[in-house]
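Derivation of every value follows stated rules applied to the coordinates shown; laboratory data play no part. Please read these numbers as outputs of a predicted model, since none were measured by experiment. Here Cβ is always computed from backbone atoms with ideal geometry, including for glycine, and neighbour counts include all displayed protein chains.
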């Protein structure tokens, strides 16, 4: 089964959350139910980016790469590029 890197956008304040998971739909439900401490206060969330990876290791590596950029502009670019493809 593949793993995914995902980016959520808060519909409250447009901030982003980057994560990785095996089941992206279930994970989005958990975020929107308030079961994740960090995302609880900024619900609802919408999925704006997803990227598939063959294994957990590569998904986590990519997640860390995105987070290490610490750049809203970089994340926006990823989201916009995914909408065009």
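Order of 38, 3, 17, 74 from fewest to most other C-beta atoms within 10 Å?
Details: 38 9, 3 21, 17 17, 74 12.
Going from least to most buried by this count: 38, 74, 17, 3.
Using label points projected 7 Å from each Cα along Cα→Cβ, tell me how many nm separate residue 13 and residue 30, to one decimal. Between residue 13 and residue 30, the simple spin-label model gives 2.3 nm.
How high is the relative contact order of the chain, in percent, counting Cα pairs under 8 Å that sit 6 or more residues apart?
Values: 127 pairs, mean separation 30.4, N = 85.
It comes to 36 percent, rounded to a whole number.
Listing 67, 73 from the residue with the fewest other Cβ atoms within 10 Å to the one with the most, what is the order?
Ordered by Cβ neighbours within 10 Å, fewest first: 73, 67.
Once every DSSP H run of n ≥ 4 in the chain is given -39500 (n - 2.57) and the sum is divided by its residues, what mean residue ellipticity at 222 nm do you get, rounded to the nearest 500 deg cm²/dmol? After summing the helix terms and dividing by residue count, I get -13000 deg cm²/dmol. Using the alpha carbons alone, the radius of gyration of the chain stands to its Kirkwood radius in an Rg to Rh ratio of 0.94. Neighbour counts of other Cβ atoms within 10 Å put 76, 83 in the fewest-to-most order 83, 76.
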